[in-house]
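Each value in this text was obtained by applying a stated rule to the coordinates, not by laboratory testing. Note that this is a predicted model, so its numbers are computed, not measured. In this analysis, Cβ positions are derived from the backbone assuming ideal geometry, glycine residues included, and neighbour counts consider all displayed protein chains.
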Amino acid sequence: MSQQSPLFRKASAEVLDFHRFFEAWYDAATADKTDFGHCERTFGQAFHMIPPTGRVFDRTETIELIRANRATFRGNFTIEISDIRARYETADTIVLTYVEAQSRAGKYSRRQASALFTASSSAPNGVEWQHLHETWLQMPET
C-alpha cells in the first residue's frame, strides 16, 4: 500500500476539499456562494456516518444535518486536517484515517476519523465517501 497511490491522492484531496466545504457552508458570509451539490455528489448511496456521539446517520440524515447547519457561524468556525494515512487499499477502495481539529466560536475539539472511499468517476475528486467513523481525541471545551 503506497501513501502516494492515485487513489490515496484522490481520497486525501476529497477529505481536504470536503472540510473546506464545511467551513464555507457553515459560515454566514460564504454560505450563499457555496455549492451544496458537492455534498450530495460525494456521498455514496449507502453512505453512513458515526460521529463521536455514537449515533448512526444514513446518507439522507447526514445530508439533512449538514443542510440544517448552513450559515450557523460568523467567521468563527475553522477545521484543520492532519495526519492523513492510508490504512487499507485495493484497486478501487481505500480506508483513510486523519485527525480533524475544529474551532467553533472559540471552543476547540479534536477527533480521530476513519473513512472508507470507493473510486467513482462522477464524484468531484474521483472518490465517494461510503463510511465515516469519528471518535473524540479532545471533546469540545465548555
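Just a few scattered comments:
- Averaged over residues, the count of other Cβ atoms within 10 Å places the peptides 131-139, 28-36 in the sequence 131-139, 28-36, highest first.
- Net length gained if the chain between Trp136 and Glu61 were fully extended (0.36 nm per residue, minus Cα distance): 24.9 nm
- Rounded to 10°, Cα long-axis angle of helix 6-26 versus longest principal axis of the chain: 10
- Dividing the mean sequence gap of close Cα pairs (under 8 Å, 6+ apart) by how many residues the chain holds gives a relative contact order of 27 percent.
- Derived scalar couplings ³J(HN,Hα) [the stretch 64-80; Karplus, 6.51 cos²θ - 1.76 cosθ + 1.60; whole Hz; x for Gly, Pro]: 5, 4, 5, 4, 5, 9, 4, 6, 8, 10, 10, x, 10, 10, 9, 10, 10
- Centroid-to-centroid separation of the stretch 112-142 and the stretch 1-47 [C-alpha atoms, Å]: 9
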